[in-house]
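The values are calculated or read from the model by the stated rules, or taken from the named source; none is laboratory data. Because the structure is a prediction, the values reported are computed rather than measured. Don't worry about glycine lacking a Cβ; one is built from the backbone with ideal geometry, like all the others, and counts go over all protein chains shown. Surface areas here come from the heavy atoms of the whole protein model, side chains and all, with no ligands, DNA or RNA. Shrake-Rupley method; radii C 1.70, N 1.55, O 1.52, S 1.80 Å.
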Amino acid sequence: MNRRLWIANLTAALVVAGLLGALFNAVFGALATHTDWSRAWEYRGMLWQGWLTTLSIASAALVCGMIIGLLFMLGQRSNLVVVRWCCRGILEFLRDTPLLVHLLFGYFVILAPLLARPLGAAGWNDKPIIGVLILSLFHGAYLGEILRGAVESIPRTQWDSARAVGFDRIQVYRHVIIPQALRRVLPAIAGSFVSLIKDSSLLNVIGVTEFFYNTRNFITGTYAGLEGYVPLAIGYLVLTLPVAWLAHWLERRFRHET
Amino acid sequence: MKLEVDQLVKRYGGTTALDSLTLRVADARVLALIGPSGGGKSTLLRVLGGLETPDSGTVMVNSRPLPAGEVGLIPYRRRNGFLFQQFNLFPHLTALENIALPLEKAHGLDRGAARDTASAALGRFGLSSHAHKLPAQLSGGQQQRVGIARAVAHQPEVLFLDEPTSALDPEMTAEVLELVQELAEAGQHIVLSTHEMGFAREVADEVAFIADGRVAEHAPPARFFNEPASPDSSRFLSRVMRW
Ligand SMILES: Nc1ncnc2c1ncn2[C@@H]1O[C@H](COP(=O)(O)OP(=O)(O)O)[C@@H](O)[C@H]1O
Ligand SMILES: [Mg+2]
């Protein structure tokens, strides 16, 4: 039975490899006459610059988003009903409307008129700053919801024990609830970071010169085809795959722990 | 330990957990609360331990009134110790860290002193070999003993134990009760609820029988177990002693 399964697997692998090979061959062959990899090499500085910008935007939004997510979670658990409702309202609004709309509206209509001048005067470029801010808010709303679910899944006895040993409200969260909640949702948080990295490409609509923006400039400027899109895909995969693997790894580890 | 509980009322939605409960203990080292499930023992302990605020009534522990708000209750809880039926330990911390962290963060010891005190507390109850294990790696009885070690590490004025052995098998029950007895003999003031009648009889100075949110009877164990005065308590005793 093992032997037969092995042969079946091998056959399937050969068939899949053959089909994919034929497909790639057809596509790349047809496009080969228009594909000139040296053009991508010429633009490597710009592409690299964009990739670095994407990396820093995603990292900054990751940190800010996490802080905003924590605040959303705490806000929704506040004793003050007004704070709870406000947080809930903002969070639903952010989650249930498209990021693209937040970016266009938030930047051109609200934040740029308010902040572009003072930021510019201080020598800052307002676009990436406001872009990161909106991206952080959007992802903070998702993280806030993930964290709230995790915190609410911590059993009552842990809250009681934490209060019984004399922790104040902040210490209860800091030393008992959040460490346990984070362990539970680390895979989900890692998964949402993958979305964040991909979503950072939307910042091109407000003119942030990130990876997608620069690649698109390269493509439209040189009529590039595959030599533009292949590096783009690889560039994003280099960022997202490790995080996705981390998410799977954490998930497996967590399953073993419980 | 002196307790003066007057007209204590605690409601949860429609249910009245404590129904004008009054209890006066002039001077006892160990007070045992016994009675049927749902009678209000846990609720009384939670109020006495500063984990729950009553709807009305007054509580004086050692002649001092129980602080009113959550902020005032924090120092009160730090002064005392509390152990629940189970899941007392923080699962992400080792036995040692479970004891050291509150000493450091709630009692203001520096890190080294907190760890030394925690080690000493574990050593006192023969738990040193478990210091670096996570709660999931300990048996239920060991978890409760670490829980007690944590609750007494800062030398609490009163130790509150809510059915500390109800979730354990007989052997583990014995190991935990022995520890509680040891503490009592060392002079620790204890208020506990328990279904272990033999333990209450032997170790407690006073027994309060609690049913329907009131103290139905309050007496020294010898009198309570030999000649229960109220019909409720004699019915309860004849039922639990039957097997
Ligand atoms: N958190 C709570 N919410 C609602 N009802 C509760 C809660 N805690 C206790 N009660 C109710 O209060 C009554 C007394 O419960 P409890 O103090 O736990 O009794 P005991 O510890 O003697 O079994 C019971 O009817 C119980 O259902
Ligand atoms: Mg109870």
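Structural remarks
- Measuring how big segment A:1-60 is from its alpha-carbon positions, Rg and Dmax come out at 20.4, 55 Å.
- Mean-square fluctuations from a GNM of chain A, with a 10 angstrom spring cutoff on Cα atoms, peak among A:Ala26, A:Ala141, A:Ala58 at A:Ala26.
- Tilt relative to chain A, helix A:44-76 - C-alpha long axis, 0 to 90 degrees, to 10: 20 degrees
- Looking at chain B alone, DSSP beta bridges between its own residues are antiparallel in about 55 percent of cases.
- Against chain A, whose longest principal axis comes from its Cα atoms, helix A:211-222 is set at around 20 degrees.
- Helix B:170-185 vs. chain B, principal-axis angle (Cα, 0 to 90°, nearest 10): 90 degrees
- Using a cutoff of 8 angstrom between alpha carbon atoms and counting only pairs six or more residues apart, the relative contact order for segment A:42-254 works out to 31 percent.
- A simple spin-label model places the labels of A:Ile90 and A:Leu241 3.8 nm from each other, with each point 7 Å out along Cα-to-Cβ.
- Remark: mean inter-chain Cβ contacts per residue of A:154-163 equal 5, using a 10 Å Cβ-Cβ cutoff to other protein chain atoms.
- Amide H within-cut-off set for B:Ile210, under 5 Å, with H built and near neighbours excluded: B:Ile34, B:Gly35, B:Ala216
- Summed over both chains, the area buried between B and A is near 1700 Å², taken from the accessible surface of protein heavy atoms with a 1.4 Å probe.
- Per residue, the accessible area of chain A comes to 57 Å², computed with a 1.4 Å probe over protein heavy atoms only.
- Here segment A:109-258 has 65 percent of its accessible surface on carbon and sulfur atoms, given a 1.4 Å probe and all protein chains in place.
- Relative contact order of segment B:1-110, defined on C-alpha pairs under 8 angstrom at six or more residues apart (%): 25 percent
- When the alpha carbon coordinates of segment B:90-155 are projected onto the principal axes, the ranges are 30, 23, 17 Å, largest first.
- Surface composition of segment B:90-155: carbon plus sulfur atoms contribute 48% of the solvent-accessible area (1.4 Å probe, protein chains only, all chains present).
- Cβ neighbours within 10 Å from other chains - mean over B:80-90: 4
- Rough spin-label spacing in nm, given labels placed 7 Å along Cα→Cβ, for A:Ala32 and B:Glu157: 8.9 nm
- The Cα center of segment B:21-62 and the Cα center of segment B:161-198 differ in position by 17 Å.
- Comparing A:Leu119, A:Leu196, A:Leu100 in a Gaussian network model of chain A where C-alpha atoms under 10 Å apart are linked, the largest mean-square fluctuation is found at A:Leu119.
- Residues in segment B:46-78 that, when all protein chains are in place, have 30 Å² or more less accessible area than the chain alone would give (probe 1.4 Å): B:Arg46, B:Leu51, B:Ile74, B:Arg77, B:Arg78
- Where Rh is the Kirkwood radius over Cα pairs, Rg/Rh for chain A: 1.08
- Net charge contributed by nearby residues that have their C-beta within less than 11 Å of A:His175 (K/R +1, D/E -1): -1
- When each of the peptides B:190-203, B:119-132 is scored by the mean number of other C-beta atoms lying within 10 Å of its residues, the order from highest to lowest reads B:190-203, B:119-132.
- Shape parameters for the protein assembly as shown, alpha-carbon atoms, Rg then Dmax in Å: 31.9, 105
- Residues B:Ser129 and B:Val240, FRET efficiency given R0 of 41 Å [Cβ-Cβ distance, rounded to 0.05]: 0.70
- B:Ala17 long-range amide H proximity, modeled H, under 5 Å: B:Lys10, B:Arg11, B:Tyr12
- Shielding score for A:177-190, defined as the mean number of other chain Cβ atoms within 10 Å: 1
- Computed from the C-beta positions of B:Asp55 and A:Arg169, the FRET efficiency with R₀ = 25 Å rounds to 0.70.
- MRE, 222 nm, helices only [DSSP H, n ≥ 4, -39500 (n - 2.57), over the protein assembly as shown, to nearest 500]: -19500 deg cm²/dmol
- For chain B, the equivalent ellipsoid derived from the alpha-carbon gyration tensor has semi-axes of 30, 22, 15 Å in decreasing order.
- Whole-number accessible area per residue in Å² for segment B:90-155, which is evaluated in the context of all protein chains at 1.4 Å: 41 Å²
- Sites A:Leu80 and A:Lys198 - FRET efficiency at Förster radius 30 Å, r taken between beta-carbons, to 0.05: 0.25
- A cut-off of 5 Å between modelled amide H atoms, ignoring neighbours fewer than 5 places along the same chain, links B:His189 with B:Leu159.
- Based on Cα contacts under 8 Å between residues 6+ apart, segment B:22-173 shows a relative contact order of 28 percent.
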